[in-house]
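> I'd like to ask you about the structure that follows.
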Amino acid sequence: MWQALRNELHPKGLELVTVGLDTLGGAGCREFIERAKPEHPSLIDQHHVLAELFGVVNIPSSVWIDERGMIVRPAEPAPAPARGPDSLPGLQLPDDGPARFAAIKAEAVKIKKDIVAYHAALRDWLDKGAESRFALSPDEVVARSRPRDQAKAMGHAHFQLASQLEIDGHHDAAVQHFREAHRLVPDSWTFRRQAWSLEKVGDGPLARFWQGPSDDAPQAWPYEGDWVSDVRKIGAENYNEPFKP
């Protein structure tokens, strides 16, 4: 989907750079990257540095950067283009899988995505450049960016330490720092989802999509929240921020 969009809009000057936030260096997203055979730069960020620098709190998100290297829209939800008939099929959760997968699918379909509005805005910017009403001024970019106080800065430090501990094979120690990152940066779904995906629940390619405690041993789950519980708490319709022109 993104590859098709890039190929369509590249003649107008768009270059797409995709970044997978993946502590394990591609174990979660490399398969999808390789299957898509992207013609644009496609990177993997083990320590979520992009999230730290640009204020990404959920995925997929985008940052618009103009030809001068200036940010004209800070990080915001970026819904993928509508699937075409030749788009790469994603990994689907089975209809006859565990009850948890049914719960994930039930919440996921409620998540709001402003696909038409977002992609119309993107095309308007490519056509009109700085004259587009969707290209924000520097003051507007700053106003929409997420400020970082000392607590959030410390939360990012805990997350990076947790990532390195996980990379080095110290999972139990990593969990403690992931938990602290979640406490200090509670609005970051990327922090939560990354930690949850590292917990091995079951076997097979869908294990990383479990994102919560096992039905058989819920007491073994090391985190206070999980994807289904946390989404239900805030309401799936509030999972993404609405697109703001």
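> Restricting to bridges with both residues inside the stretch 2-144, how much of the DSSP beta-bridge set is antiparallel, in percent to the nearest 5?
About 50 percent, rounded to the nearest 5.
> Related question: What fraction, in whole percent, of alpha-carbon pairs in the stretch 2-144 exceed 25 Å separation?
I get 36 percent for the Cα pairs in the stretch 2-144 exceeding 25 Å.
> Filter the DSSP H helices in the chain by two things, a Kyte-Doolittle mean of at least -0.5 and an axial alpha-carbon span of 15 angstrom or more, and list the hits by number.
Long hydrophobic helices here: 115-128, 150-167.
> Along the positive direction of the dipole of the stretch 1-153 (beta-carbon charges: Lys, Arg +1; Asp, Glu -1; about the Cα centre), which of 9, 33, 132 reaches farthest?
Towards the positive end, the residue furthest out is 132.
> Per 5 Å bin, what is the whole-percent P(r) computed from every C-alpha pair distance within the stretch 144-237?
Spelled out per bin, shortest first, that is 2, 13, 22, 23, 20, 12, 5, 2, 0.
> Another question, if that's okay. The stretch 150-205: which GluC sites (Glu not before Pro) are DSSP loop and have at most 10 other beta-carbon atoms within 10 angstrom?
Nothing satisfies the criteria.
> Okay, next question. To two decimal places, what compactness ratio does the chain give when its Cα radius of gyration is scaled by 2.2 N^0.38 Å?
1.04
> So for the pair residue 37, residue 200, with labels modelled 7 Å out along Cα→Cβ, what separation do we get in nm?
3.4
> If you don't mind, another one. Calculate the FRET efficiency for residue 236 and residue 144 from the Cβ-Cβ distance with a Förster distance of 30 Å, rounded to the nearest 0.05.
That gives a FRET efficiency of 0.80.
> For the chain, give me the percentage of DSSP beta bridges that are antiparallel, rounded to the nearest 5 percent.
Around 50 percent antiparallel, to the nearest 5.
> Can you tell me which of 74-80, 116-122 comes out highest on packing, and rank the rest after it, using the mean Cβ neighbours within 10 Å?
74-80, 116-122
> Something else: Counting helices only, and only those DSSP H runs with n ≥ 4, report the 222 nm mean residue ellipticity of the chain as the sum of -39,500 (n - 2.57) divided by its residues, in deg cm²/dmol to the nearest 500.
Computed mean residue ellipticity for the chain: -12000 deg cm²/dmol.
No value in this document is a laboratory result; all are computed from the given coordinates. For clarity, every value in this text was computed on a predicted model and none was experimentally measured. Methodologically, a virtual Cβ is constructed for each residue, glycine included, from the backbone with ideal geometry; neighbour enumeration extends over all protein chains shown.
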